[in-house]
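Q: Here it is: the structure, laid out below.
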Amino acid sequence: MRPLWFPHYIPPLWFPHYIPPLWLPHYMCLLWLSQCMHSLWVSIYMRVLWFPHYMPLCGSPTTCPSVVPPLHAPLWFPHYMPLCGSPTTCIPVVPPVHACPVVPSLHAPLWLSVADVNECWRYPGRLCAQTCENTPGSYQCSCTTGFRLTSDGKNCEDVNECLNNPCGQECANIYGSYQCYCREGYHLREDGHTCDDIDECSQSMGHLCAFKCVNVEGSYQCACPEYGYTMSPNGRSCLDIDECTTGTHNCSLTETCYNIQGDHRCLSFSCPDNYRRVSDMRCERASCGNFMECQNSPLRITYYQLSFQTNTVVPAQIFRIGPSPAYAGDNIIISIPRGNEEGYFSTRKLNSYTGAVYLHRQVHHPRDFLIDVEMRLWRQGTFTTFVAKIYVFITAPAL
């Protein structure tokens, strides 16, 4: 209900400081003709007493009756309440009704301004699969490293980083990341991407190869000496090549090939004067001029070849000698008259008709010896001498 004084536009005592009654018809649309205001009294009251600096009377779009020409507010009024803009007029749309445009120059106070809603805080974990970022008036989903946003803009899918070949050798894609690894024979650097060759030969705690280990890219290979050996099927140990059997020796027709570990020897067997060769390895005395000559010269000279390795445990029995056949009453004397100047060998009588030769000093390096082992047989009151010429080849250990 309007007070009785309102039709005459006489405001109460508290109102004249804001809107003079006589000017009021010139600056606002009348209540009963305007759709700009739901209530003139409420509009004026709210505008003057509550927030006269902020709230225009007209909305957008709305209409006002064409009752006034272009109007301008008095000096105290233009900063507070322009009816149809500041300055502007009612724009005719459908006569006799006119529209009031929005006043763009007005701003609401802080307590009346529109506040952005942080959807990420309001709906935690419901809007985005991983990371929610608030934006003015909305929000945006994003993904952490190793993921990418799907077409729906909310969910995240794993990125296969291995497609870009980030690793030096092998790459394994894992959820949200990737892992580099190396092939056998390589190890991963601290950078997590590069592979370096492993030197198995220098890092091995045991013996990978019998002779020599050669490191190659990503692995290793065993090698054998350049001559005398060949690689065994297991790829680690070496097998001796029998040059005498394979025909790869360099012996002449008058020499005999003898195979030793990793090599061979060309031996020449000749019989002394007054001896005849009865086999490849044996010479026998043809005749003797007198008894003393027969007592002092050997009846038979036989050649032997023996091969041992430098790691042979000493003392080691390397040769046995005795009469064949042996008879009761036989007795022998064993000695090494030649070839044992350094004392590597010794003899021992095992019984009355058997003797033995020993290697009793360690030979640390490959070496060849030729020793004469003499056996004097006492039988029926006379001595008969036999000589064994023994080639002793000390070789390196088997590979």
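Q: Output the qualifying pairs, or none if there are none: Cβ atoms under 6 angstrom, residues six or more apart or on different chains, first residue in region 322-334 and assigned by TED's automatic domain parsing to the domain that holds M375 and farther than 16 Å from G381 by Cα, second residue modelled with pLDDT under 95 and among the hydroxyl-bearing types (S, T, Y).
A: Listed by first residue and then by second, the contacts come to G322/Y353.
Q: What are the residues in region 113-158 that are polar (S, T, N, Q) and within 24 Å of I174 (Cα to Cα), if any?
A: Residues of region 113-158 that are polar (S, T, N, Q), as a first pass: 113, 118, 130-131, 134-135, 138, 140, 142, 144-145, 150-151, 155.
Of everything in region 113-158, those that are polar (S, T, N, Q) and within 24 Å of I174 (Cα to Cα) turn out to be Q130, T131, S142, T144, T145, T150, S151, N155.
Q: Would you mind stating whether I334 is buried (at least 16 other Cβ atoms within 10 Å of the Cβ) and under 18 Å from T385 (Cα atoms)? Before you say what the answer is, go through the steps one by one.
A: On the way: buried (at least 16 other Cβ atoms within 10 Å of the Cβ): yes; under 18 Å from T385 (Cα atoms): yes.
Against the criterion (buried (at least 16 other Cβ atoms within 10 Å of the Cβ) and under 18 Å from T385 (Cα atoms)), I334 qualifies.
Q: Same structure, new question: Among N259, N215, which is free of Cβ contacts under 8 Å to residues at least 24 places away in the same chain, in a strand (DSSP E or B) and over 27 Å from Q309 (Cα atoms)? Step through it out loud before you land on a result.
A: On the way: N259 fails: over 27 Å from Q309 (Cα atoms).
From the options N259, N215, the qualifying one is N215.
Q: Considering H249, H193, H264, which residue is without any contact (Cβ under 8 Å) to a residue 40 or more places away in the chain, part of a loop (DSSP other than H, G, I, E, B) and either small (G, A, S) or under 30 Å from I390 (Cα atoms) (or both)?
A: On the way: H193 fails: either small (G, A, S) or under 30 Å from I390 (Cα atoms) (or both); H264 fails: part of a loop (DSSP other than H, G, I, E, B).
Answer to the check: H249.
Q: Can you tell me which residue in region 379-399 is farthest from the chain's Cα centre (by Cα), limited to those that are over 19 Å from R265 (Cβ atoms) and among the β-branched types (V, I, T)?
A: Ranking the candidates gives T382 first.
Q: OK, next. Kindly indicate whether Q309 is out of contact with any helix residue (DSSP H, G or I) (no Cβ under 9 Å at 6 or more places or on another chain), at pLDDT 90 or above and surrounded by fewer than 17 Cβ atoms within 10 Å (Cβ to Cβ). Explain how you work it out, then say what you get.
A: On the way: out of contact with any helix residue (DSSP H, G or I) (no Cβ under 9 Å at 6 or more places or on another chain): yes; at pLDDT 90 or above: yes; surrounded by fewer than 17 Cβ atoms within 10 Å (Cβ to Cβ): yes.
Considered against the rule, which asks whether it is out of contact with any helix residue (DSSP H, G or I) (no Cβ under 9 Å at 6 or more places or on another chain), at pLDDT 90 or above and surrounded by fewer than 17 Cβ atoms within 10 Å (Cβ to Cβ), Q309 comes out as yes.
The rows are residues; the columns are (1) among the β-branched types (V, I, T); (2) in contact with a helix residue (DSSP H, G or I) (Cβ under 7 Å, 6 or more places away or on another chain); (3) within 30 Å of F369 (Cβ to Cβ).
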| site | (1), (2), (3) |
| --- | --- |
| F211 | no, no, yes |
| V216 | yes, no, no |
| Y227 | no, no, yes |
| N234 | no, no, no |
| T248 | yes, no, yes |
| T256 | yes, no, yes |
| I260 | yes, no, yes |
| H264 | no, yes, yes |
| F269 | no, no, yes |
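The values are calculated or read from the model by the stated rules, or taken from the named source; none is laboratory data. Just so it is clear, the model here is predicted, and its values are computed rather than measured. Note that each Cβ is placed from the backbone with ideal geometry, even for glycine, and that neighbours are counted across all protein chains shown.
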